[in-house]
Amino acid sequence: MLVMSMLSIGIAQQQSDSLNVEQLDEVVVTDSRFTLKRENSGKTIIKISRKEIENNQGKTVAQLINNKSGIEINGSRSVAGQDLGYFIRGGNNRQVLVLIDGVQTNDPSLVNNEFDLRLLDINTIESIEIVKGASSTLYGNAAATAVINITTKKSSNKKISGSILSVVGTNQTQDDLEYNISSFTNNVSINGTVNKFNYLVSFGNQYADGLSAAKSKNPEEDPFSRYNANLKFGYQFSESFQLTAFASYDNFKTGIDGNPAPNFTFADTDDQFNSKQKRIGLSPKINYNNGSFQINAAFTDIERETISEFGAEYEAESYVLDAFNKYTFNQNIYTIIGLTYGDYSSVFANEEHYISTDPYLNIVYVTDLDLTLNLGGRLNNHSEYGSHFVYNINPSYKISIDEGYAKVFGSYATSFIAPNLSQLFGFFGANLDLEPEENTTIEGGLEYNTKNGLRLSGVYFNRNEENTIVYTSMYENADTEAEVHGFEVETEINIIKNLNVSANYTFTELKEGVRLRLPKHKVNAGFNYDVSNRTFMSLSYQFVGHRVDTDFSTFSNKELKSFSLINLYFSHKVVNNKLKIFASIDNLFNEDYLERVGYTTQGRNINLGLNLKL
């Protein structure tokens, strides 16, 4: 990919007082599924705007979100096709839920049932909201440590608009700095609105070569290639009824390395991993006085193949439907009642499947006394594990201060995580006796936000895991409960006009035992400067503390050293601001470090690109 980066820039820049007011009045959606002002939210929501995405062009989705507080995306700094580990608040992939345009996405054939972020083209995304902590009440199974809500681009109001993006760059390690062009990313999009009909068509591809997954003396290359095609159509039948339909095809291939016989030690091998995903969906919406009724429905077909000495083929399908009614009483009581249905299947020795049918209710009450209550419950009905009730209590209290506010908030929430089909019936370590994992999360924090562009926040979290699913010689439930706790601190400030500075620090700890590749300490900082209305530049910094990983050549744990990374980015617009040229340098000081024992990481890399908007 090209901009193999690890850190990103901060948050959107403010260029005037009016924009500072916009920041103060920023709205969030994910934690309540209503458009509410940030001051009325009981969470510290991460919101990545389209402007921030455009100020990070060349990065992947994983690289972009990896500089946010409480988040560590392991593998985002390695070979482009490397497996990704979503370590959010001390959890892992099975505890993170990804939504795309409101539709739950996951892969029933994967061990952790997650959505593979390697499939996505960031150039198709309009915005990303991340709510950390338990959100199973609104989103169901797996939403235990975070929900990543991705909204794709919308159509232009013009009859026809277009965008062309192209990026080239190097793809090299710390000890091989020949600066050969080995990375290419392209995206073409056409969209518009004609009367009541809107449309969007896009195609993207990415190719990266030059690196080996395995870190060795004489590495062979493990290329990565990805293709994306997306269609989205909408029709506004009347002021009260609209219909949106979409279809997407995502395909990537990557070279991988494995553990060949007879030594079964991780080494360079001529292996390959292929993944294809087809998605189609429909979303009708009816608006009425003070409310709306909407259905988000999607079908996903997945094919994956590992070509190696221990290779396997996987086929999976999912049907997901979320029907919900939203109604507002007296402009301050927001209610949502809905039903989520999911039918998931995957082929192992036989075709296996499960069904979940979950009714849910959530209420947000914004009182006249500046107290907001967010309360909800969901009844998880799983075809294999019966019924489990989860709930959420999330109060917050706001104090107005000089055209800004201070807010104190807390929450108590439970989550339910059913074993995945692969853990129950898969080719490796399957166990039919697995029990569901249940989490209880407590958090509390403070936020201070002013008109002058200053935002400070801090939150403490504590999550208790029962029946944690672990792997020994097979998948099994842990005998003891696990407790993860930590805190996050974030700040964002405009020091001078057009200069935005953001920083965050995360402390995460498993109270007893060890979690692999999870840093106890992590720091991110970004300095973003609008030199003019055409020129932007940024510098970002990331520190990742000591971690522990397993060395499978000796089957012993090894401590990985801490590391620091610095990235630079520059962009300039020409031709009436329609053409933007940009450049980035990642890992400026060519830091030598490891993400995983035995795997290659990226050294200093340079990327050049252009984006033409028509």
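The values are calculated or read from the model by the stated rules, or taken from the named source; none is laboratory data. Note that this is a predicted model, so its numbers are computed, not measured. Heads up, the Cβs are rebuilt from the backbone with ideal geometry, glycines too, and the neighbour counts pull from every protein chain shown.
Summed over region 467-496, the residues that are outside any strand (DSSP E or B) and surrounded by 16 or more Cβ atoms within 10 Å (Cβ to Cβ) give a count of 2. When Asn287, Asn330, Asn296 are checked against the criterion of being over 30 Å from Asn431 (Cα atoms) and at pLDDT below 95, Asn330 stands alone in meeting it.
Can you find even one residue in region 539-560 that is in contact with a Lys or Arg (Cβ under 9 Å, 6 or more places away or on another chain), closer than 22 Å to Asn605 by Cβ and not aliphatic (A, V, I, L, M)? Yes, region 539-560 contains a residue that is in contact with a Lys or Arg (Cβ under 9 Å, 6 or more places away or on another chain), closer than 22 Å to Asn605 by Cβ and not aliphatic (A, V, I, L, M).
The single residue among Gly598, Gly603 that is more than 25 Å from the chain's Cα centre (by Cα), within 21 Å of Asp175 (Cβ to Cβ) and buried (at least 17 other Cβ atoms within 10 Å of the Cβ) turns out to be Gly598. Annotation: Ile73 fulfils all but one of (1) of a type in the set (A, V, I, L, M, F, W, C); (2) assigned to a helix (DSSP H, G or I); (3) closer than 25 Å to Phe487 by Cβ; the unmet one is (2).
Tallying residues that are buried (at least 24 other Cβ atoms within 10 Å of the Cβ) and either under 17 Å from Gly210 (Cβ atoms) or under 11 Å from the mean Cα position of the chain (by Cα) (or both) within region 76-86 yields 6. The single residue among Lys520, Lys561 that is at pLDDT 95 or above, within 26 Å of the chain's Cα centre (by Cα), closer than 19 Å to Leu84 by Cα and among the charged types (D, E, K, R) turns out to be Lys520. For region 216-248, taking the residues that are in contact (Cβ under 8 Å) with a residue 24 or more places away in the chain and among the hydroxyl-bearing types (Ser, Thr, Tyr), the one that is farthest from Thr124 (Cα to Cα) is identified as Ser216. Looking at region 109-129, is at least one residue closer than 22 Å to Gly410 by Cβ and touching a residue at least 60 places away in the same chain (Cβ under 8 Å)? Checked against the condition, which is being closer than 22 Å to Gly410 by Cβ and touching a residue at least 60 places away in the same chain (Cβ under 8 Å), region 109-129 yields at least one hit. Scanning region 450-466 for residues that are surrounded by fewer than 21 Cβ atoms within 10 Å (Cβ to Cβ) and aliphatic (A, V, I, L, M), we see that the one that is farthest from Asn431 (Cα to Cα) is Leu454.
Residues in region 391-405 that are touching a Leu at 6+ places or on another chain (Cβ under 7 Å) and at pLDDT below 95: Gly404 alone.
Residue count for region 488-515 satisfying the condition of being over 20 Å from the mean Cα position of the chain (by Cα) and not β-branched (Val, Ile, Thr): 12. Taking Ala525 as meeting all but one of (1) touching a strand residue (DSSP E or B) at 6+ places or on another chain (Cβ under 8 Å); (2) of a type in the set (A, V, I, L, M); (3) at pLDDT below 95, write down the number of the exception. In the conditions (1) touching a strand residue (DSSP E or B) at 6+ places or on another chain (Cβ under 8 Å); (2) of a type in the set (A, V, I, L, M); (3) at pLDDT below 95, Ala525 misses (3) alone. Evaluation of Pro395 against the conditions (1) surrounded by 16 or more Cβ atoms within 10 Å (Cβ to Cβ); (2) within 25 Å of the chain's Cα centre (by Cα); (3) within 15 Å of Gly133 (Cβ to Cβ) shows that the sole unmet condition is (2). Given the structure, is Tyr405 over 20 Å from Lys132 (Cα atoms) and part of a strand (DSSP E or B)? Taking the combined requirement at face value, the residue satisfies it. Evaluate region 309-318: report whether one residue or more is modelled with pLDDT of 95 or more and over 30 Å from Asp222 (Cβ atoms). There is no residue in region 309-318 that is modelled with pLDDT of 95 or more and over 30 Å from Asp222 (Cβ atoms).
Going by the conditions given, is Asn439 over 15 Å from Lys43 (Cβ atoms) and within 22 Å of the chain's Cα centre (by Cα)? Yes, satisfied. On the stretch given as region 297-327, residues that are buried (at least 16 other Cβ atoms within 10 Å of the Cβ), of a type in the set (Ser, Thr, Tyr) and closer than 30 Å to Leu369 by Cβ total 0.
Restrict the check to region 130-144 and report whether at least one residue is over 24 Å from Asn464 (Cβ atoms) and either surrounded by fewer than 24 Cβ atoms within 10 Å (Cβ to Cβ) or modelled with pLDDT under 90 (or both). Scanning region 130-144 turns up no residue that is over 24 Å from Asn464 (Cβ atoms) and either surrounded by fewer than 24 Cβ atoms within 10 Å (Cβ to Cβ) or modelled with pLDDT under 90 (or both).
Residue count for region 507-520 satisfying the condition of being in a strand (DSSP E or B) and buried (at least 16 other Cβ atoms within 10 Å of the Cβ): 3.
For (1) under 20 Å from Ser411 (Cα atoms); (2) at pLDDT 95 or above, each residue gets a yes or a no:
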| residue | (1), (2) |
| --- | --- |
| Gly445 | yes, yes |
| Thr450 | no, no |
| Phe487 | yes, yes |
| Lys497 | no, no |
| Asn504 | no, yes |
| Val544 | no, yes |
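Of all the residues in region 193-206, those that are in contact with a strand residue (DSSP E or B) (Cβ under 6 Å, 6 or more places away or on another chain) and either surrounded by fewer than 19 Cβ atoms within 10 Å (Cβ to Cβ) or not in a strand (DSSP E or B) (or both) number 6. Show the residue pairs that are 6+ apart or on different chains and have beta-carbon atoms under 6 Å apart, the first residue being within region 523-551 and closer than 15 Å to Phe582 by Cα, the second being assigned to a strand (DSSP E or B) and of a type in the set (Gly, Ala, Ser). Final answer for the pair search is Asn528/Ser538; Phe536/Ser571.
Of all residues in region 421-466, those satisfying the criterion of being out of contact with any Gly (no Cβ under 9 Å at 6 or more places or on another chain) and part of a loop (DSSP other than H, G, I, E, B) are Gly426, Phe427, Phe428, Gly429, Ala430, Asn431, Leu432, Asp433, Leu434, Glu435, Pro436, Gly453. Could you please let me know if Lys51 is modelled with pLDDT under 95, out of contact with any strand residue (DSSP E or B) (no Cβ under 9 Å at 6 or more places or on another chain) and either of a type in the set (Asp, Glu) or surrounded by fewer than 22 Cβ atoms within 10 Å (Cβ to Cβ) (or both)? When the stated conditions are applied, Lys51 passes them. Would region 544-551 turn up any residue that is over 21 Å from Gly75 (Cα atoms) and among the charged types (D, E, K, R)? No - not one qualifying residue is present in region 544-551.
Taking the criterion of being surrounded by fewer than 17 Cβ atoms within 10 Å (Cβ to Cβ), part of a strand (DSSP E or B) and either in contact with a Ser or Thr (Cβ under 6 Å, 6 or more places away or on another chain) or without any contact (Cβ under 8 Å) to a residue 24 or more places away in the chain (or both), the only residue of region 163-191 that qualifies is Ile181.
Pairs are defined by a Cβ separation below 7 Å, a sequence spacing of at least 6 or placement on different chains, a first member in region 264-291 that is closer than 26 Å to Phe34 by Cβ, and a second member that is of a type in the set (Lys, Arg); the pairs so defined are Gly291/Lys326.
Here Thr335, Thr265 are screened, and the one residue that is buried (at least 17 other Cβ atoms within 10 Å of the Cβ) and of a type in the set (Ser, Thr, Tyr) is Thr335. Scanning region 536-550 for residues that are closer than 23 Å to Arg515 by Cα and surrounded by 14 or more Cβ atoms within 10 Å (Cβ to Cβ) returns Gln542, Phe543, Val544, Gly545, Arg547, Val548, Asp549, Thr550.
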